[in-house]
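Notes follow the structure.
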Amino acid sequence: MVNPSSYSPKEPVIETSNLVKIYKEGAIKAVDGLNLKIGKGEIYALIGANGSGKTTTISMLTGSLFPTSGEIRVLGLQVPKKRRIVAAAIGVAPQEYALYSDLTVEQNISFFAKLYNMDRSSFLKRLDELLPILKLNERRKTAVYNLSGGMKRRVSIACALVHQPRIVFLDEATVGIDPVLRAFFWDYFRSLAEAGLTIVLTSHVMDEAERADRIGLMRAGKLIEYGTPEEIKQRHSASSIEQVFLKLSEGAVADE
Amino acid sequence: MSKTKNFSPSRVIAVTWRVLTQIRRDRRTIALMIFIPALIMLIFGFVLGGQTKNLPILVDNQDAGYTVHAGQNSTSFNFGNEVLSSLQSDDQVKLSQGSFELGKTGVDNGTYYAAITFPANFTEVLILRNAGQSINAPVTIYIDGTNPTIEATVLAALQSSLQNTFGSGGVVLNEQFAFGGIQFSSLDISIPSVISLVLTQTVLLVSLIVIVRETTSGVLSRLYATPLSAFERLLGYSIALLILGMAMTGIVLFMGLGIFGAIVQGSFALLFLGAVLYASLNIFLAVFLSNFARNELQAVQLVPLITLTSMALSGMLIPVDSFPSWVQTLAKFIPMYYANKLFEGIMLKGYGISNLAQQFIILSGIAALFFVLAVMTVKDKMAD
């Protein structure tokens, strides 16, 4: 078992200690003693099979789900206690699209901007930045139900980024996005990270995880491996993260 | 590739099986499917099974009586008293005595359904008639005509008591209608309670769907991670639904008054205010109930539970006065009971705010209670 506490980022923005979540219904231990440290400006990939506890972890970090035990600090503040303050500085793109399908692209993004008390002019300025980057410029006035899955995913990301958060959580963010656009996204994420944004994403696409600064590999609610992609590959003398993943996941395919 | 059949029973069965399995998994829906029809049948059974009775009326017996002299013997009669005691033993009405003027005031403010008076020469006229004179005794009844069932029951009780006393004939019924002297059509009479029924049904349904849809769309779990508080969200829903509720109230009133020409003897502004108040009450009820519905199906099942229970208990079908006393107590907890009284009061009886303050206060209180319950139960995080 690795000990993540040996890693100490210069400026930690997310820290958890012995985080546990047991769901009441079914008494499932979804997260089991998780210790995470994520530094400012990092792209951190939580990877693992379906049902390994990635989404539960994200939900607790964002304050949407209350932990059974353990501690969470986001931007130095206790979560869920100070979650409303933290909420103003984070953005979330959940696994499901989670958009209002009857509203247009602009109306959806505008709704979230208003929740962060953005004024109209800074919203419009921000929209003019985001839409071209996310290749949504021509869809601005289109109702979300008319969009493809990949477009909805991009609108969802726009909603998470509109208020220029300090941390963004992207749960399976690049599912349904074609490889060309995905490569483009990663360049964009990289530029955001260089500007100081911390990106926490979940994925079960391993080649994608290799682009992250650091990786946390989850299985059955536990962190079973962590580090930079290079470190992890070296430790397991593997040529890819996928190999490591398959090796560590052997005989442990969790039910979804 | 194997040949595909045009029609396959096994595919039909697959769909049937899928629907039934889905329902079986949704334990709350199963519970509602058993509980709601059983409860509604029970309530309707109790309500429709009883007959209209215990209707409060007032009788002013002015009858001076009459003494018949036959040689040495003289016999005194007072038919007024006899009719009175016959009415007293009739459980369709609940008899009070007092002056006719007091009775009329009572009918006007809803204490009594009718005030009846027998004239001083009541017995005299009847006896003279019996002796061959072609005269009739006038009985004056001042009656609430805003409910045909009640009106018919009171008149039937009076007729049968008259008949018990001295057979048929001899009495002229001088029927005066309260509330502008109008004999209302059955349409006029049903519109007030139809307005409250339609408002309950539509406002509840729209409100529940609007809120539950947010849960099922997945956006709600995303909102938990924004600065939006549960209270702000609830207030936002309520304001939007109030705007919709006012529009719906407008349509209902337009149909009732504009198209069907229902009578509004009182103030239209007061009617609109009352209707909006009742719509708000249902909105807050929906916001509260939405906590107990995980999906649209569960939410939609709650609507007939409320509308049908309200219909049965609010006096829309059978006057509340005729319920067994414990059902009457239950009716006092049904918001529609007060809404019906409010709308009837304004539309049929021409009541102003002074007559209806009680209904306004109670409805506002219930609305406030539902809002507080909604605030207390609104979810602000994902289910543990």
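The values are calculated or read from the model by the stated rules, or taken from the named source; none is laboratory data. Computed from a predicted structure; not experimentally measured. Positions of Cβ are generated from backbone atoms using ideal geometry, with glycine treated the same way; all protein chains shown enter the neighbour counts.
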- [ ] Scan the range B:35-51 and report the pairs whose first residue is closer than 17 Å to residue B:298 by Cα and whose second residue is surrounded by fewer than 13 Cβ atoms within 10 Å (Cβ to Cβ) and of a type outside the set (Ser, Thr, Tyr), with Cβ atoms within less than 6 Å and a gap of 6+ or a chain change.
- [x] none
TODO: Please work out which residue is nearest to residue B:192 (Cα to Cα), limiting yourself to the range B:141-164 and to residues that are touching a residue at least 40 places away in the same chain (Cβ under 8 Å) and surrounded by fewer than 19 Cβ atoms within 10 Å (Cβ to Cβ).
DONE: B:148
Task: Subset of the range B:193-247 that is of a type in the set (Gly, Ala, Ser) and within 9 Å of chain A (Cβ to nearest Cβ) - its residue that is farthest from residue B:148 (Cα to Cα) - done: B:225
Open item on the list: Let me confirm something: among A:87, A:98, A:143, which residue is touching a Ser or Thr at 6+ places or on another chain (Cβ under 7 Å) and on the phi > 0 side of the Ramachandran plot?
Closed with: A:98
- [ ] Enumerate the strands (runs of 3 or more DSSP E) found wholly within the range A:1-118, keeping only those where 3 or more residues are more than 24 Å from residue A:163 (Cβ to Cβ).
- [x] A:12-22, A:29-39, A:69-74
- [ ] Among the residues of the range A:44-101, count how many are of a type in the set (Lys, Arg) and touching a residue at least 24 places away in the same chain (Cβ under 8 Å).
- [x] 2
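Looking at the range A:112-132 only, could you name the residues that are surrounded by fewer than 18 Cβ atoms within 10 Å (Cβ to Cβ) and either of a type in the set (A, V, I, L, M) or within 14 Å of chain B (Cβ to nearest Cβ) (or both)?
A:114, A:117, A:124
Which one is farthest from residue A:15 (Cα to Cα), of the residues in the range A:27-42 that are more than 14 Å from chain B (Cβ to nearest Cβ) and crowded, with 24+ Cβ neighbours inside 10 Å?
The extreme case among them is A:34.
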TODO: Quick one: residue B:130 ticks every box in (1) surrounded by 14 or more Cβ atoms within 10 Å (Cβ to Cβ); (2) over 27 Å from the mean Cα position of the chain (by Cα) except a single one, so which number is it?
DONE: (1)
Task: Within the range B:231-243, considering residues that are under 26 Å from residue B:382 (Cβ atoms) and in contact with a helix residue (DSSP H, G or I) (Cβ under 8 Å, 6 or more places away or on another chain), the one surrounded by the most Cβ atoms within 10 Å (Cβ to Cβ) - done: B:241
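Residues checked against (1) free of Cβ contacts under 8 Å to residues at least 40 places away in the same chain; (2) hydroxyl-bearing (Ser, Thr, Tyr):
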residue: B:293; (1), (2): no, no
residue: B:296; (1), (2): no, no
residue: B:321; (1), (2): no, no
residue: B:326; (1), (2): yes, no
residue: B:330; (1), (2): yes, no
residue: B:335; (1), (2): no, no
residue: B:340; (1), (2): no, no
residue: B:351; (1), (2): no, yes
residue: B:357; (1), (2): yes, no
TODO: Within the range B:210-230, work out how many residues are in contact with a helix residue (DSSP H, G or I) (Cβ under 6 Å, 6 or more places away or on another chain) and either outside the structural domain of residue B:264 (by TED's automatic domain parsing) or part of a helix (DSSP H, G or I) (or both).
DONE: 4
Task: Within the range B:1-93, strands (runs of 3 or more DSSP E) holding 1 or more residues that are hydroxyl-bearing (Ser, Thr, Tyr) - done: B:66-70, B:73-77
Open item on the list: Tally up the residues in the range A:59-92 that are facing chain B (nearest Cβ under 9 Å) and over 16 Å from residue A:12 (Cβ atoms), please.
Closed with: 15
Open item on the list: Being β-branched (Val, Ile, Thr), under 24 Å from residue A:11 (Cβ atoms), more than 10 Å from chain B (Cβ to nearest Cβ) and surrounded by 21 or more Cβ atoms within 10 Å (Cβ to Cβ): is that true of residue A:105 here?
Closed with: no
